[in-house]
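This report concerns only the one structure given below.
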Amino acid sequence: MNNRLLRLFVGASIVLSIALIGRSSSADTAPAAGTFDQSLLYQNCSNGSGLLGALFGGSTDAQTKYPIVLVSGLTGSAPNWLVPGGEYWNQIPQTLCQNGATVYVASLSAVNSDIVRGEELVQQLKLLMAKLKVDRVNLVGHSMGGWTVRYAAAIFPEGVASVTTVSSPHKGTEFASYFLDHGPVVLKLGEVVFNVFGSYANALNQTAYPVDADAAVHQASPAGMAKFNAMFPSAGLSSASCTGKNDDTGVRGNTDTRTGTDGKQYVQKLYSFTGNAPASLDSLDVAGNVVMTIASAMMRSEGAGTNDGLAGVCSSRFGAVLGTYRWNHINAINNLFGLTPVFEANPKQVYVNLANRLKKDGL
């Protein structure tokens, strides 16, 4: 049964990839030409003024004090994801820009540990801050990207005003446990698949980032994240164990106070939101629903509680929890094709609401 789940997941992942390859990469969804400068991808879009703003409901709701930097999870790459013109953060940067935000998308190793990815991010943040002449940024990370932004916040506190994690299982994911618990053949098969994704991302974007699926899988496990959390603690982490539990009754803090490299104290605001449904009847995202349902079954075979297909709800609660939505892991980044549940909050609006929260908090 366990090997059958793995075969189903691999097969369904291939179907999902084919579906993504078939997606449109029209001029209004592809990153603007010439905006990728070896380290940063700037989503060049309207700030809400003029005709475009009038047509698409532009406002200043997302006009934060500090720039927003979006950080992808496993397999995520920039400027292209999976296909030329493909976006990991589907239409989210554009929507934020149309509502007044300044948004950048980090370009990192698609498949590696979040210590490696975190170091890459810190270097990019320093370049960005020098370029924009700003002293801090707001970090938003999806899935493993949530761990990447936590690393950056821990070692570069003076540069980080806030940390928001989206569907990031801070206690680890039982999905990784599945590969580690079913023998070397299963583990190697999973690592081969993810290494292919990482190498393909480099070829697609003409980058040369290191690829290490073994490091990524081991870090993503509950045991791996326990080590990561000990190395990079945060007040936003829940005191709950989250093992097999659907609800998080643990204690969390909403801020971290850290000492910068200059010896000064810096306060970082902490937020999170996540999904709780691998599949929804009111979503036309059939491929995503199938893949996430199989992945969720793999997690549940390892004792996971309520999850979005790849991240447990309890494990994903960090800092001030801004919402738990009827989304799967893909819906949280408005993919595939933006086919999110009809009768649930639209992800693009949720990110605008997040930016508005940051704005009201003076960030």
Relative contact order, percent, segment 73-124 [alpha-carbon distance under 8 Å, six or more residues apart]:
37
Highest-first arrangement of 246-252, 305-311, 221-227, where packing means the average Cβ count within 10 Å:
305-311, 221-227, 246-252
Karplus (6.51, -1.76, 1.60) ³J(HN,Hα), θ = phi - 60°, over segment 350-363, in Hz, Gly and Pro reported as x:
5, 5, 5, 4, 4, 4, 5, 4, 4, 4, 5, 7, x, 10
So, in Å, what gap is there between the alpha-carbon centers of segment 213-227 and segment 325-363?
27
Which length gain, in nm to one decimal place, applies between Q349 and D214 when the Cα-Cα distance is subtracted from 0.36 nm times their residue separation?
45.0 nm
Whole number please: convex hull volume per residue, Cα atoms of segment 198-261, in Å³.
173
Full-extension gain between S239 and I155, please, as 0.36 nm times their residue separation minus the C-alpha to C-alpha distance.
28.0 nm
Pairs K264/K359; K171/K269; K227/K359: which exceed 22 Å Cα-Cα?
K264/K359; K227/K359
Work out, step by step, the length gained on full extension between T261 and V192: first 0.36 nm times the residue separation, then minus their alpha carbon distance; give nm to one decimal.
20.9 nm
How would you rank 350-362, 89-101, highest first, on the average number of other Cβ atoms within 10 Å across their residues?
89-101, 350-362
Tensor-based shape of segment 273-363 (alpha-carbon gyration tensor, a/c under 1.5 rounded, otherwise prolate or oblate)
oblate
Search the structure for amide H atoms under 5 Å from the amide H of G275, placed 1.01 Å from N in the peptide plane, and list their residues when 5 or more places away or on another chain.
S167, Y325
Quick check: net charge around I155, other residues with Cβ under 11 Å of its Cβ, Lys/Arg +1 and Asp/Glu -1?
0
Vicinal HN-Hα couplings computed from phi for segment 303-318 (Karplus, 6.51 cos²θ - 1.76 cosθ + 1.60; Hz; Gly/Pro x)
x, 5, x, 4, 8, 9, x, 9, 10, x, 4, 4, 5, 8, 7, 8
The ³J(HN,Hα) series, computed from each phi in segment 334-345 with the Karplus coefficients 6.51, -1.76 and 1.60 at θ = phi - 60°, rounded to the nearest Hz and given as x for glycine or proline, is 6, 10, 8, 6, x, 7, 8, x, 5, 9, 9, 4
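We did not get these values from a lab; they are worked out from the coordinates using the rules stated. In this text the structure is predicted, and so the values were computed from the model without any measurement. Positions of Cβ are generated from backbone atoms using ideal geometry, with glycine treated the same way; all protein chains shown enter the neighbour counts.
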